[in-house]
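Structure record follows, encoded as structure tokens.
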Amino acid sequence: MSTQRPFRHSPTEAIFVGFTGHIGAGKTSAAQYLSDRYGFQYKRYSQVLADWLGSEPPVREGLQQFGWEVMVGGRQVELNARLIAGLDRSHGAVIDGLRHPIDFHCLVYAFGASFRLVFLDVASETRFQRKPKFSTYDAFLAADSRPVEAHIDGLKPFRRGDDIKR
């Protein structure tokens, strides 16, 4: 790991970067790169959900279902509170897997101008090629169209000019 400190909004304020995009867009790869290269803390929404469920290792479908139950049950703010509570605010962080505008609003409320959102916008065919665990394109599209994935595009208006399109 590099000895460089994570980028800072100011000399005394850490930067927090959230990654969003559909399945296979490269959120985890981008977030892990920043964590490995620059020493950012790494937090992933799916891990917070798995910890909340208390099961190891949860399968994607189970996490998607639980994530949907959290969303429709009005508990998205609680999910975000759990994620934020696990971060050291004095040290920059990358947050992998925002799925809902409430996620963005909670992170902006917690971190203010120190928070940035990166929306990775990648064609579905390219995303399918990046995810070899799906045996068919139809299976990939089925996972990508689960209800918990439906609010991702609602995050596009919140990006701050730093989105990546492939």
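The values are calculated or read from the model by the stated rules, or taken from the named source; none is laboratory data. Since we're looking at a predicted model, the values are computed, not measured. With ideal geometry, Cβ positions are generated from the backbone for all residues, glycine too; neighbour counts draw on all protein chains shown. Side chains included, ligands, DNA and RNA excluded: accessible areas come from the protein's heavy atoms. Shrake-Rupley method; radii C 1.70, N 1.55, O 1.52, S 1.80 Å.
With each label modelled as a point 7 angstrom along the Cα→C-beta vector, the H105-Y42 pair spans 3.1 nm.
Over the chain, DSSP H runs of length four or greater, each weighted -39,500 (n - 2.57), average out per residue to a 222 nm ellipticity of -12500 deg cm²/dmol.
Summarising the amide proton neighbourhood of L117: residues at separation of 5 or more, or on other chains, whose placed amide H is nearer than 5 Å comprise G18, R160. Counting lysine pairs in the chain whose alpha carbons fall under 16 angstrom apart, excluding pairs fewer than 8 residues apart on the same chain, gives 5. Accessible area per residue for the chain, computed on protein heavy atoms with a 1.4 Å probe, is 51 Å².
Which shape class applies to segment 59-150: rounded if a/c is under 1.5, otherwise prolate when a/b exceeds b/c and oblate if not, where a ≥ b ≥ c are the square roots of the Cα gyration tensor eigenvalues? Prolate is the answer for segment 59-150, as a/c is 1.5 or above and a/b outweighs b/c. Springs between Cα atoms under 10 Å define the GNM used for the chain, and in it the highest mean-square fluctuation of Q47, Q129, Q32 occurs at Q129.
Per residue, the average separation of C-alpha pairs within less than 8 Å and at least 6 apart gives segment 32-166 a relative contact order of 30 percent. Taking amide H atoms as placed 1.01 Å from N in the peptide plane, the amide H of R44 lies under 5 Å from those of D96, each 5 or more residues away in sequence or on another chain.
A compact globular protein would have a Cα radius of gyration near 2.2 N^0.38 Å; the ratio found for the chain is 1.01. V72 sits with roughly 90 Å² accessible to a 1.4 Å probe, with DNA, RNA and ligands left out of the calculation.
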